[in-house]
Amino acid sequence: MATSVKNNSLPPSLISNLNQVLLSRQQHTIDHQSTNSSSLPSHSRNVDEPDCSKPLLLITNCEGIDSPGLIFLVQALLSDARFTLHVCAPQSDKSVAGHSLTVQETVAVCLVEMSSATAFEVSGTPVDCVSLALSGALFSWSKPVLVISGINRGSSCGRNMFYSGAVAAAREALICGVPSLCLSFDWKKDVSSESDLKNAADLCLPLISAAVRDIERGKFPESCLLNIEIPSSPLANKGFKLTRQSLWRSPLSWKAVSANRHPAAGQYLSNQQSLGIKLAQLSRDASAAGAARRLNSHRKNVEIESVGIAGKFNGQQTAKKYFRLELLEETEKADDNLDFKAVEDGYVAVTPLSLSSTDQSKIETEVSSWISAALGREQRN
């Protein structure tokens, strides 16, 4: 018996039409995806794709991502067009955070607009910013060429460096094995202006460029960070000077303040007044005997909180006082080679800070030689 095979092939014209429809839909999908991709901000697409043709720098600070010192530094580096910049800075002022980390708490990170730099603001400390940025959890790259903390207003000279969130950020980078600079400007109240910060940023460009070049060549001092203090008149500076860390610090002045100068205290007193009114209203509706019993019972169980009042208290009472810390601007006579004295004299003080106190003289000699050679080459270029 012969077996016949039924021909199920479609007409050629129909096949051609179907192919055209499929190709049209495929092209529409590609165009739609391309449009969506191009509509995203450039920094959103390139967060994980840094420009590898230029040295990558990580910028942070202690005063917050909106501080003028950081913005002027980023603008100066971008206008120089030699570097790719990533910024990771605190959301608010953390100037005296020291080397503190946020542990067992959530840190919020938000992408922010900052020219052509990829920038994030972090709810934590300056050390959080550097630690997070270098961890690989936020950026895809492993390590930048250089970490720069600044430009921060106020002194990080002497023992102030132990309080400084700016120095701590640079120190954290050094701990992670990345060379770092800390840039601080000797801000004078009622004298300095934001234009001085812009001049300070321009002043630091040759040093930053020299540092990046010599890091890539393996000639940059690796065992320390450089704490750079810029004098209050950047344009009138006397040059860069190698200095030693002094024992000076800003004098601390603790002052008692009244409750009405403390927001929390004012809120507390307001709550107490409101509570008193409510109790008075209740007492009018109660019998005299019942009110007396409730009052006696209340006195036995409630702890009394006193705001800013000195005296003797029994075991159930708690005294609450309020104080405010102020840093005084006082100086003292010192060796010309110490950091804060050099800044006062108009020099840009460059102080090497290492993680160990051993071989300090060797480090100073190495940094001194590098400054002379690096800045000499940069000026010739």
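Residue under question is V47, and the condition is that it be modelled with pLDDT under 95 and touching a Phe, Trp or Tyr at 6+ places or on another chain (Cβ under 9 Å); does it hold? Taking the combined requirement at face value, the residue satisfies it. Filtering region 317-327 to residues that are modelled with pLDDT of 65 or more and over 18 Å from S184 (Cα atoms) leaves T318, A319, K320, K321, Y322, F323, R324, L325, E326. Filtered by the rule that a residue be closer than 21 Å to V167 by Cβ and not in a loop (DSSP other than H, G, I, E, B), region 86-124 gives H86, V87, C88, A89, P90, E121, V122. Scanning region 159-176 for residues being out of contact with any helix residue (DSSP H, G or I) (no Cβ under 9 Å at 6 or more places or on another chain), farther than 17 Å from S246 by Cα and part of a loop (DSSP other than H, G, I, E, B) gives a total of 0. Restricting the first member to region 166-182 and to residues that are under 15 Å from S223 (Cβ atoms), and the second to residues that are surrounded by fewer than 23 Cβ atoms within 10 Å (Cβ to Cβ) and charged (D, E, K, R), the beta-carbon pairs closer than 6 Å and six or more apart or on different chains are V178/K143. Has region 62-79 got any residue that is closer than 23 Å to L207 by Cα, of a type in the set (S, T, N, Q), at pLDDT 95 or above and not in a helix (DSSP H, G or I)? Yes: one or more hits. Only one of the numbered conditions (1) without any contact (Cβ under 8 Å) to a residue 12 or more places away in the chain; (2) in contact with an Asp or Glu (Cβ under 8 Å, 6 or more places away or on another chain) is not met by G136, and that is (2).
The values are calculated or read from the model by the stated rules, or taken from the named source; none is laboratory data. Quantities reported herein were computed from a predicted structural model and do not represent experimental measurements. With ideal geometry, Cβ positions are generated from the backbone for all residues, glycine too; neighbour counts draw on all protein chains shown.
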